[in-house]
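This report concerns only the one structure given below.
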């Protein structure tokens, strides 16, 4: 007897095991978690989107160099997070999102050096906030590799959207997104700094 799609889904839900939002104890500890981590943290998402849009607003020669700077700095940040696992950089990520959002909203033309510096700092911060070290060195090495790959892919996606949206009204939309990112990050930062 064939079951309808609805009943198949209901049966599947009955026998489903619990799903964890974060792999391991507060961080990623395997390759799959490393690849999807940039897409699951809101502060990471807004930083990556803002950086991707910012890089595509610059001269075309900056795009690949900015991406490489980001990826290498993310790798350095991931290694630093293994060496200093207790560092909390959530406020630095919010400040980074504010700065990136303002730069996108104002559509500043940046030099190559400044663009690479901004990409590197953002990549390093995201890398430092993306990994919880595992006692086994092999698992940690896999996590570092997959996290670097995930961050690089996420930035490529954001840059791809920035390259695709080239019409004048779409560029206005990108600047509006930049202002929203800056205001959202500023609101969260203000709430975090407010004494209870």
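The values are calculated or read from the model by the stated rules, or taken from the named source; none is laboratory data. A quick note: this is a predicted structure, and the numbers were derived from the prediction, not measured. We place every Cβ from the backbone using ideal geometry, glycine too, and count neighbours over all the protein chains shown.
Is it true that residue 109 is more than 19 Å from the chain's Cα centre (by Cα) and assigned to a loop (DSSP other than H, G, I, E, B)?
Yes; evaluated as a whole, the condition is true for this residue.
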Residue 154 vs. criteria more than 28 Å from residue 82 (Cα to Cα), in contact with a helix residue (DSSP H, G or I) (Cβ under 8 Å, 6 or more places away or on another chain) and crowded, with 21+ Cβ neighbours inside 10 Å: no
In segment 70-85, is there at least one residue being in contact with a helix residue (DSSP H, G or I) (Cβ under 6 Å, 6 or more places away or on another chain), modelled with pLDDT of 90 or more and closer than 25 Å to residue 176 by Cβ? yes
Confirm whether residue 186 is over 25 Å from residue 35 (Cβ atoms), touching a helix residue (DSSP H, G or I) at 6+ places or on another chain (Cβ under 9 Å) and outside any helix (DSSP H, G or I). no
Just checking, which of 96, 130, 147 is within 16 Å of residue 48 (Cβ to Cβ), within 12 Å of the chain's Cα centre (by Cα) and part of a loop (DSSP other than H, G, I, E, B)? 130
Conditions (1) part of a helix (DSSP H, G or I); (2) in contact with a helix residue (DSSP H, G or I) (Cβ under 9 Å, 6 or more places away or on another chain): number failed by residue 114: (2)
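Let's see how each residue does on (1) in contact (Cβ under 8 Å) with a residue 60 or more places away in the chain; (2) farther than 18 Å from residue 151 by Cα; (3) surrounded by fewer than 16 Cβ atoms within 10 Å (Cβ to Cβ):
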{"residue": "37", "(1), (2), (3)": "yes, no, no"}
{"residue": "56", "(1), (2), (3)": "yes, no, no"}
{"residue": "59", "(1), (2), (3)": "no, yes, yes"}
{"residue": "65", "(1), (2), (3)": "no, no, yes"}
{"residue": "71", "(1), (2), (3)": "yes, no, no"}
{"residue": "108", "(1), (2), (3)": "no, yes, yes"}
Hey, among 23, 102, which residue is touching a helix residue (DSSP H, G or I) at 6+ places or on another chain (Cβ under 9 Å), at pLDDT below 85 and surrounded by fewer than 22 Cβ atoms within 10 Å (Cβ to Cβ)? 23
